[in-house]
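To start, the structure itself, in structure tokens.
What follows is calculated from the coordinates using simple rules that are stated; it is not laboratory data. These figures come from a predicted structure and were not determined experimentally. So basically every Cβ, Gly included, is an ideal-geometry build from the backbone, and we count neighbours across all protein chains shown.
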Amino acid sequence: MSNQRRFFFNVDWVTVFIYLALCTIGLLNIYSAVYDERHASLLDTHATYGRQFIFIIVAFVVAGIILLLESRFITALAPVFYVMTVLLLLLVLVIGHNIGGNQAWINLGGGFKLQPSEFAKFTTCLLLARYLSGPNVRVTELRSFGIAALIIGVPMFLILRQPDVGSTLVFVSLIFVLYREGLSPYFLIIGFLLIVLFITSILYNPVWVMVIIAAAGSLIIWMFRRKKRFVYTIAAGAAICIAFVFSVKFIYNKVLQPHQKVRIDIVLGIKSDPKGKGYNVNQSKIAIGSGKLWGKGYMHGTQTKYSFVPEQSTDFIFCTVGEEWGFAGSVTVIGLFLFMVLRLIMIAERQRSPFSRIYGYGVASVIFFHVMINIGMAIGLVPVIGIPLPFISYGGSSLLSFTILLFVLIKLDSNRMGIV
Amino acid sequence: MNSFFERRYVIAGIFITIIIIILARLFFIQIVDNRYAVYASNNVRRQIIQYPARGPILDRNGKILVQNEAFYDIMVVPKDVKPFDTVEFCKLLGIDRDGFDKRWEKAIKYSRYLASPFEKQLTAQAYASIQERLSEFPGFYSVPRYLRNYPDSVAAQFLGYIGEVQDRDIKRSNGYYHQGDFIGITGVEKSYEKILRGQRGVQNWLYDSHNKRQGHYANGMYDTAAVAGQRLTSSLDLTIQKFGEKLMQNKVGSIVAIEPSTGEILCYVSSPTYDPNLMVGRERGNNAAKMWADPYNPFFVRPIQARYPPGSSFKPLSALIALQEGIITPQTTYNCPGYYMAGNQRIKCTHVHGVVNLSGAVAGSCNGYFDMVFQRIMDRLGPRKAEQTFAEWRKNVMKFGLGNKLDLDISGESRGNVPTPLYYDNKYQKGAWRSSTIISLAIGQGELLATPLQLANIECTIANHGFFYKPHLIKAIGAKNVIEKEYLERNYVGIDSQYFEPVIDGMQAVVDHGTGIQSKIPGIVMCGKTGTAQNPGGENHSVFVAFAPREHPKIAIAVVVENSGEGAHWAAPIASFIVEKYLRGYVSPRASGITPEHFENANRLPDLEYELKLRARRLHYDSIRKARRDSLAKIKALKSAEEKKKEE
């Protein structure tokens, strides 16, 4: 009995409350976005929102089960879960169900489909934590780094085969986990630099970009000519940058798919095609922008109600928030997410076991990356990449996998006084 | 806890920075940038304009002159069209395959999702046969449209016509008109446009992304209903208008009849005329082109635009001015030897009248008598003061409405002409002209020009013994029959009523036993005056002015038949028929044996060859005049520009 009380006392209720709030906001906005007069009830399972309601109930049950499990069980089975998802990812490439160009679903019958890539995020985080928390493992060492990269890389590669670029990119966010565990900050800086260089070389003549990099590099080298090591680093960096710029045009034209190119062009403002390729983003921006400060009121959004915005219950669910609840609602939702992510970092840092800490960072990074890409896409900051908004977008696999992801951390956290 | 503990702050910092960027972007598109709200409303909101029915125009007795007739446009929405039997459909509409393809391409070019007219302006009869079967062809539907319809095909020049607005109309209207709207172009349709057109209504509808109508915008809060145009009651009498047009067929000229006690125009005939129905519907363009090419120019509104020398019909007015000035009395006599000596020029009179007094001179149309009167007026201050006395005389004449617009409620009125002293100064040099120089004015010739409307108005003034009401064509506006205030005011011409009797005596005698005896109406006392307007290079114009009955006059009339010689022969009989028809409702057999049928069937159209030559010459002169005017304007502009420079 005392065990039980201690158990509930240790659960981080703040996170759970934010989770419940986001799920509720999601359900209400899905109801508004795809409201169907023939199935007016929120609980009508013929409609999208009715099904989402079932998903939420299932997610709650799963969350409860996770809280009742032994922590050791989760840690021990991490490799098993990982192997299972990898197998599923392979399976989906063979017998998968193709929706919208992505072979990402396995049909379970009864209208329910499983999306293994959603669960891969969880199992990858778990195995990564398990590996990095092991003895004699340091990310700074090449061997450890290689194995960590392999753990992240295998599901990435399989998901890219579907090809689901959005879900693939999510794994990139795990670089924050590696950074926290000691990865050189140069990785972050170079990653950031490469993004900037990619954009500038598309926007401007690559030759000029290279000239400017060379000039800036020489200037810095001249200024710090006494510090030999630094000079080498900068020289190497500049060389990499120039090589990258040199290859940008090639990557852009040969590696990327035409529709991806167009999406990038639209975000960068090179192309404007509000009726064709840019229709989604344009209508999404109109929906959010027309919400003004207080929004048009619940169920009164014209953009979503009259289906100008596509994918309004899944990838573009934030349009409904922006249009019907306005800037105030948007800030509230984004604020909840930021609060949750910062809270998760706090939780991760208060863990005694490295496993829990690493896993906590994984959860925070994955959730944050989803929020950033999904909302950024809806407001035209990021090219269109179809990934859901955690807890809010419609979809059973997504909701369930995020719930598992989150509640495993909550479970680990509730046990933080014990030894895992 | 390990050595990289502080890196949590770096990671949290990166997360917070990115969130701030997102929030800033949201703030910009949601709060700062207003465009998105406009786009969103444009996405869903469509304004559908509700066209009001144009007001009808009635005659004075409530009979319809113009009404609206429903026509049907067959509309098409290409997206909704399903495969169908094109042959059958073409047969139904009465078009061939080529025509179908052309229309179809045009519709697709316009829009796949929006409706555009496939076939325009089907008549009600044509539509009746299509109506039932149209539902077999999804994507096609009909829209009723209202076009003008003239049941009696009369009074074309009075009613005018409507047509699609031009760009300048749209600009001038401050956004009232849109492309494709109709506007009055001539006649009443033009001058009463604002009353007739009514008020357009607007409905705001919500549409979804598939262009399906979803409901009223803001529950119809911003919707307005169309208000139909008000009806106009014209002063015309349909019966005599029709009768007049019949009498004037195959003749060039006009009839204007006015009710003296109100100034309401009863009859407004411009001949040759046209069927106003020709200016409506699908053949409108072709018909209009044909009429523009017609050498008799049916679009020329003769009652107000044609100018004739009034001829002898001017004499009563001349006499009245002299009486008022005290130059003569009704008893003043003149011994007419068959001519009149003005200075050293000899002016022929119609015949030897012997000794005539005022009434006799009017009755016999004695040129000599009125030349004498005119010279006495001009020379009353001595022969060298003609300029001063002429200016006074001119002022008196103009009080009757000559030489000025009468402000009819239809635009395009001509002023006529009463020459100014300056005109003669320019023509003869200052001080070099005398009463004898301008003596032809005495008998309504010379530079004097009047429109038929002005002539009829003079008769009104005589019938009223000294005043007239502004002539007008629209008697009352709307269902409440509003009468404009200016039409209730009397315009006095500055002649005491006592002076009218002797003149009217003379005018009665004209019809009773004078020049107009042929046109005497049994049982009705008509007072009139024949006139023969000189037409340089053609047969003279036949003019007759009259009012009737003498006591409590009900109608004043002016008739001009061009190229038909003396007033007594053509204009007077026509006038008498109209007068009798108006007063009695029928035309009784005349002692002289004239019948309306004879006049209806007579053809007095002038020789076309001659007419065309004349017009060519006129065009030539016009172009010279235009060139001169343009060059003068240029010089003026240059001068004013120079002055401006100097000022600076």
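The table that follows gives values for the structure above.
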read-out	value
Relative contact order (%) - criterion: Cα under 8 Å, at least six apart; region: chain B	13
Modelled FRET efficiency - R0 35 Å, B:Ala479 with B:Glu551, Cβ distances, 0.05 increments	0.50
Fully extended contour minus Cα-Cα distance, from B:Asn34 to B:Ile517, at 0.36 nm per residue	165.5 nm
Ordering of B:588-594, A:345-351, A:281-287, A:127-133 by burial proxy (mean other Cβ atoms within 10 Å per residue, highest first)	A:281-287, A:127-133, A:345-351, B:588-594
Theoretical gain in end-to-end length, A:Leu108 to A:Leu91 [0.36 nm per residue, Cα-Cα removed]	4.8 nm
Rg/Rh (Cα only; Kirkwood hydrodynamic radius) as it applies to region B:143-216	1.11
Whole-Hz ³J(HN,Hα) from phi, Karplus 6.51 cos²θ - 1.76 cosθ + 1.60, for region B:122-137, glycine and proline x	7, 6, 4, 5, 4, 5, 4, 6, 8, 2, 5, 8, 4, 5, 6, 10
Exposure proxy ranking, count of Cβ atoms within 10 Å, fewest first, for B:His541, B:His465, B:His620	B:His620, B:His465, B:His541
31 Å Cα-Cα threshold exceeded, pairs from B:Lys190/B:Lys644; B:Lys242/B:Lys520; B:Lys63/B:Lys399; B:Lys399/B:Lys485	B:Lys190/B:Lys644; B:Lys63/B:Lys399
Cα gyration tensor shape of region B:94-194, rounded if a/c is under 1.5, else prolate or oblate by comparing a/b with b/c	oblate
Inter-part distance where region B:335-398 and region B:236-314 are each reduced to a Cα centre, Å	35
Percent breakdown of C-alpha pair distances by 5 Å bin, ordered from the shortest bin, for region B:43-91	4, 11, 10, 16, 11, 10, 14, 10, 7, 5, 2
Region B:413-519: relative contact order in percent, alpha carbon pairs under 8 Å with at least 6 residues between	19
Rounded, prolate or oblate (a/c below 1.5 giving rounded, otherwise prolate when a/b exceeds b/c) for region A:1-142 by Cα gyration tensor	oblate
Cα Rg, Dmax, chain A, angstrom units	22.9, 76
Cα lying deepest toward the dipole's positive end in chain B, options B:Gly215, B:Ile74, B:Asn540, charges on Cβ	B:Gly215
Cα Rg, Dmax, region A:160-234, angstrom units	16.5, 51
Three-way shape label, region B:523-564, alpha-carbon gyration tensor, a/c 1.5	prolate
Residue among B:Ile321, B:Pro298, B:Ala288 farthest towards the positive dipole end of region B:276-351, charges placed on Cβ	B:Ala288
Spatially proximal aspartates and glutamates relative to B:Lys626 (Cα-Cα < 19 Å; intrachain offsets below 8 disregarded)	none
R0 of 35 Å, Cβ-Cβ distance B:Ala126-B:Lys246: FRET efficiency to nearest 0.05	0.65
Label-reachable residues, region B:148-171, where backbone N falls under 16 Å from a point 7 Å from B:Gln179's Cα toward its Cβ	B:164-171
B:Tyr308, A:Tyr204, B:Tyr586 arranged by Cβ crowding within 10 Å, fewest neighbours leading	B:Tyr586, A:Tyr204, B:Tyr308
Simple Cβ-charge dipole of chain A, Lys/Arg +1 and Asp/Glu -1, about Cα centre, in debye nearest 20	1320
Residue among B:Leu583, A:Phe407, A:Leu132 farthest towards the positive dipole end of the protein assembly as shown, charges placed on Cβ	A:Leu132
Summed residue charge, Cβ within 13 Å of B:Thr515's Cβ, Lys/Arg positive, Asp/Glu negative	+1
Largest-first principal axis extents of the Cα set of region B:379-448 (Å)	43, 22, 19
Cross-link partners of B:Lys120 among lysines (Cα-Cα below 24 Å; sequence separation of 8 or more within a chain)	B:Lys79, B:Lys82, B:Lys91, B:Lys102, B:Lys106, B:Lys109, B:Lys290
Within the protein assembly as shown: Cβ-based charge dipole about Cα centre, in debye rounded to nearest 20 (Lys, Arg +1; Asp, Glu -1)	4040
Region B:70-219, relative contact order in percent, only Cα pairs under 8 angstrom and at least six apart counted	23
Spatial separation of Cα centroids for region B:103-154 and region A:249-263, in angstrom	50
DSSP-defined beta bridges in the protein assembly as shown - what % are antiparallel, rounded to 5	95
Principal axes of region B:446-599: Cα extent on each, largest first, Å	45, 39, 35
Coarse-grained scattering of chain B at q = 0.06, 0.08, 0.09 Å⁻¹, given as base-10 log I(q)/I(0) from a Debye sum over alpha-carbon atoms	-0.48, -0.74, -0.87
Histogram of C-alpha separations across the protein assembly as shown, 10 Å bin width, %	2, 8, 13, 13, 11, 8, 7, 7, 8, 7, 6, 5, 3, 1, 0, 0
Ranked B:His598, B:His569, criterion: other C-beta atoms within 10 Å, fewest first	B:His598, B:His569
Projected label distance in nm at A:Ile147 and A:Ile212, using a 7 Å step from Cα toward the beta-carbon	4.4
Estimated FRET transfer efficiency (A:Leu160, B:Tyr141; beta-carbon r; R0 56 Å; 0.05)	0.60
Extension gain, B:Asn219 back to B:Thr420 (0.36 nm per residue minus Cα-Cα distance, nm)	65.7 nm
Charge tally in the Cβ shell below 12 Å around A:Asp413, where Lys, Arg are +1 and Asp, Glu are -1, A:Asp413 excluded	+4
Qualifying lysines (Cα of each under 29 Å from Cα of A:Lys411; at least 8 residues distant if same chain)	A:Lys113, A:Lys121
Sparse-neighbour loop sites [trypsin sites (Lys or Arg not before Pro); region B:475-511; at most 14 other C-beta within 10 Å; DSSP]	B:Lys480
Inter-part distance where region A:161-181 and region B:593-637 are each reduced to a Cα centre, Å	92
